[in-house]
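Comments concern the structure below.
The values are calculated or read from the model by the stated rules, or taken from the named source; none is laboratory data. Note that the structure is a prediction, hence the values are computed from the model and not measured. We place every Cβ from the backbone using ideal geometry, glycine too, and count neighbours over all the protein chains shown. Accessible surface is based on the protein model in full, side chains and every heavy atom, while ligands, DNA and RNA are left aside. Shrake-Rupley method; radii C 1.70, N 1.55, O 1.52, S 1.80 Å.
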Amino acid sequence: MAEALHVMNASETRTGPVRVEAEATSSDEVGGPLDGLSSLFHVVRPKDALRETVGFGKELAQIVVGRSERKPHPKDKRFQDRAWEENVAYKRLLQTYLAWCDSLHGAVSDDPEHWRDFEEIHHAIELLTSTAAPTNTFFGNPAAVKEAFDTGGKSVLRGARHMIEDLRHNGGMPSQVMRKDFRVGENVGVTPGAVVFRNEVLEVIQFTPTTGEVMSRPTLMIPPQINKYYFMDLAPGRSFVEHALSEGIPMLTVSWRNPTRSQRDWDLDTYVDALMEAVDAVIEITESDKLNLVAFCAGGITATALLSHLAEIGDDRISSIAYGVTMLDWYERAPLGRLQRAGTIGMSRVVTQMRGVLPGSQLAGMFSWARPDDLVWRYWVNNYLMGKNPPGFDILAWNNDSTNLPAGLHSQFVDIFFENAMCNGSLEVKGSTVDLSKIEVDNFVTGAVADHLTPWKGCYRTTQLLSGESTFVLSNAGHIASLVNPPGNPKASYRTGPAPGPDPDAWFADSEQSSGTWWTLWAEWVSERSGELQAAPASLGSAAHPPIEPAPGRYVKQDA
């Protein structure tokens, strides 16, 4: 079944109807009491487990007598202290830990037909091994012991204070950043502009032009509802908005309201209605016939729902759309598949319905535990064992400035992520079924080579679902770092290739790598679809939509 669906996905034409069946996720098929055991046997075979157990025993014997050559990966920052190499006890502890980790992972087979089972069990092993790392304990971390000795025990006291503070104010999770060092509108999200439209769901911020002439057709940015817009406007020199303005592109952005329990029923219909009003306002303010969209992550899903509705009613005011690390076809392999269990999904729906919202803090925690070494235990060691303050980093400050998801939208996102509702014909928006093949606007799709949430091949798949002319760009880095990727970054690179066909591997083989950022490529692409140059407006807003208040507005400052 899965093999047949994969072939059907790969061979689907871009202009044909998209009706991809999702794998069964009903409680009758995957939610029974033996579901977890069934998953286990798909990817953990007895002979593999036996082989790894025997191998671990042999390796342990070599470690005890000092003959093991096992070493950590050179980039594993947990074991950089010299004691792990020079102290006999620490060295044997490290080698035993590494051998145990390898044996657990070696017992799991990556079966493409049951990749969700593999992702689920692989993640469980990752959580176990990451938690059990000796560096997470005081005496198992030689750097922490040295720090305590060097500071006369002050590092231990500071660590205890940090832990108490996090227990009181951060849900017991180690803080990733000193949030008080970053204030929206003061040192992040500072590009000048004004709120020119506001409804119950969103604000529209128009940014002040920085060039004497601008394109006649504006671009409206749509961020994800699960985050605030200013990750694309972090700081001067690191702002996507600032870069677009410097290229003469008139930029406006949506800033979502942070919903509370009273907005529990907000769903895609609600957000599409709000976006329709925003489009009307932008068209009126800029006196343009059309506008371009640029949407990121889950904002791309919402923008696609809007485009499907506009296609249904014959509204052609959207000229083009650019997607940043957005997946529309969730049949494609993605780490979120590890959560695709009917029991997990059902419980998530029930809890969110009871609360009215999925709290932003819970979302942030889920994403942190998706990468436990980097986003949890790293800060546990730094804050508590070493007694140091968390780093001051604007992206982390934004990442911790979380927002809620209303229960209605959360339920639909669950259907999209875990039942592939956007592609299998089961998702309705504004009374009509979402049909991606009817979306005929030009599209610029980006993926990130190290993305742990929306793998690049899943993002690439979007080029085969829409009917407009597609351009695909593969950026370096991960999910967020690929987006916050300004010019001048010496590590930045991207790949471009031929017109996207059904096979992403074939596209990759024919692609070429260039240094720099996809920002510049997008600016060139959207400028070609933005009309003629004209004098920049002398003021923001219009008579019908005068400025309401300066950027960054009111909604972005609402706490979760």
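Given 0.36 nm per residue, what is the gain on full extension from residue 208 to residue 128 after removing their alpha carbon distance, in nm? The partial results should precede the final answer.
Values: separation 80, 0.36 × 80 = 28.80 nm, distance 4.99 nm.
Contour length minus Cα-Cα distance gives 23.8 nm.
Quick one: accessible area per residue over the chain, 1.4 Å probe, rounded to a whole number of Å²? Please report the intermediate quantities before stating the final value.
Numbers: 24340 Å² over 560 residues.
I get 43 Å² per residue for this part.
Along the principal axes of its C-alpha atoms, what lengths does the range 403-560 span, in descending order and rounded to whole Å?
52, 42, 33
For the chain, what is the relative contact order in percent, using Cα pairs closer than 8 Å and at least 6 residues apart in sequence?
Numbers: 1055 pairs, mean separation 121.9, N = 560.
Relative contact order comes out at 22 percent.
Dividing the convex hull volume of the alpha carbon atoms of the range 261-420 by its residue count, what do you get in Å³ per residue? Numbers along the way, then the final one.
Working: hull volume 25.0 nm³, N = 160.
Output value, Cα hull per residue: 156 Å³.
For helix 88-106, report the angle its Cα long axis makes with the longest principal axis of the Cα atoms of the chain; keep it between 0 and 90° and round to the nearest 10°.
That helix lies at roughly 60 degrees to the long axis.
Within the chain, which is the longest segment that contains none of the trypsin sites (Lys or Arg not before Pro) sitting in a DSSP loop with at most 16 other Cβ atoms within 10 Å? Working shown, then result.
Working: sites that count: 19, 67, 70, 75, 82, 183, 317, 333, 388, 491, 554.
Longest stretch, sites excluded: 184-316.
Could you tell me how many degrees, from 0 to 90 and to the nearest 10, lie between the Cα long axis of helix 154-169 and the main elongation axis, the longest principal axis, of the Cα atoms of the chain?
50
How many angstrom lie between the Cα centre of the range 143-214 and the Cα centre of the range 348-365?
Taking the Cα centre of each part, the range 143-214 and the range 348-365 sit 22 Å apart.
Along its three principal axes, how long is the range 239-290 when you only count alpha carbons? Whole Å, largest extent first please.
41, 27, 14
Summing Lys, Arg as +1 and Asp, Glu as -1, what charge do residues with Cβ under 10 Å from the Cβ of residue 104 carry, residue 104 excluded? If you can, show how the numbers build up before the last one.
On the way: positive: none; negative: 52, 102, 126.
That works out to -3.
Tell me the angle of helix 407-419 to the major Cα principal axis of the chain, expressed in degrees between 0 and 90 and rounded to the nearest ten.
With both axes taken from Cα atoms, the answer is about 70 degrees.
Restricting to DSSP loop positions (anything but H, G, I, E, B) with no more than 10 other Cβ atoms inside 10 Å of their own Cβ, which GluC sites (Glu not before Pro) remain in the range 87-191?
Details: sites: 113, 119, 120, 126, 147, 165, 186; in loops: 186.
In loop regions of the range 87-191 (DSSP not H, G, I, E or B), the sparsely surrounded GluC sites (Glu not before Pro) are 186.
Quick one: what do you get for the range 497-543 if you divide its Cα Rg by 2.2 N^0.38 Å? Show your work: numbers first, answer last.
Numbers: Rg = 17.5 Å, N = 47, 2.2 N^0.38 = 9.5 Å.
Dividing the Cα radius of gyration by 2.2 N^0.38 Å gives 1.85.
Taking 0.36 nm per residue of sequence separation and subtracting the Cα-Cα distance, how much length would be gained by fully extending the chain between residue 534 and residue 246, in nm to one decimal? Don't skip to the end; give the middle numbers.
Numbers: separation 288, 0.36 × 288 = 103.68 nm, distance 1.46 nm.
Working it through step by step, the gained length comes to 102.2 nm.
Suppose each label sits 7 Å from its Cα in the direction of the beta carbon; what would the residue 45-residue 512 distance come out to in nanometres?
4.4
Work through the residues other than residue 354 whose Cβ is under 11 Å from its Cβ and net out their charges, Lys, Arg +1 and Asp, Glu -1.
+4
Suppose only helical runs count, i.e. DSSP H with n ≥ 4. What mean residue ellipticity at 222 nm does that imply for the chain under -39500 (n - 2.57) per run, divided by all residues and rounded to the nearest 500 deg cm²/dmol? Write down the numbers at each step before the final one.
Working: 19 runs with 214 residues, N = 560.
Computed ellipticity for the chain at 222 nm equals -11500 deg cm²/dmol.
Could you work out the local net charge near residue 193, counting Lys and Arg as +1, Asp and Glu as -1, over the other residues with Cβ closer than 13 Å to its Cβ?
Values: positive: none; negative: 203, 233, 242, 549.
With Lys, Arg at +1 and Asp, Glu at -1, the net is -4.
In bins 10 Å wide, starting from 0, what share of all Cα pairs of the range 412-473 does each bin hold, as a percent?
Reading the bins upward from 0: 21, 44, 33, 2.
Starting from the exponent 0.38 and prefactor 2.2 Å, build the expected Rg for the range 199-316 from its residue count and divide its actual Cα Rg by it.
1.07
Give me the percent of Cα-Cα pairs in the range 109-190 that sit more than 19 Å apart, rounded to a whole number. Let's see the in-between values first.
Values: 2140 of 3321 pairs.
Of all Cα-Cα distances in the range 109-190, 64 percent exceed 19 Å.
From largest to smallest, what semi-axes in whole angstrom does the range 177-254 give when each is the square root of 5 times an eigenvalue of its alpha carbon gyration tensor?
Values: eigenvalues 90, 54, 21 Å².
Taking √(5λ) for each Cα gyration eigenvalue gives 21, 16, 10 Å.
By how many nm would the segment from residue 165 to residue 64 grow when fully extended, if each residue of separation counts as 0.36 nm and the alpha-carbon distance is taken off? Working shown, then result.
Values: separation 101, 0.36 × 101 = 36.36 nm, distance 4.13 nm.
Extra length available between residue 165 and residue 64 comes to 32.2 nm.
Give the percent of DSSP beta bridges with both residues in the chain that are antiparallel, rounded to the nearest 5. Walk me through the numbers before you get to the answer.
Values: 28 of 53 bridges.
About 55 percent, rounded to the nearest 5.
How large, in percent, is the carbon and sulfur part of the accessible surface of the chain at a probe radius of 1.4 Å?
On the way: 13370 of 24340 Å².
Accessible surface attributable to carbon and sulfur in the chain totals 55 percent.
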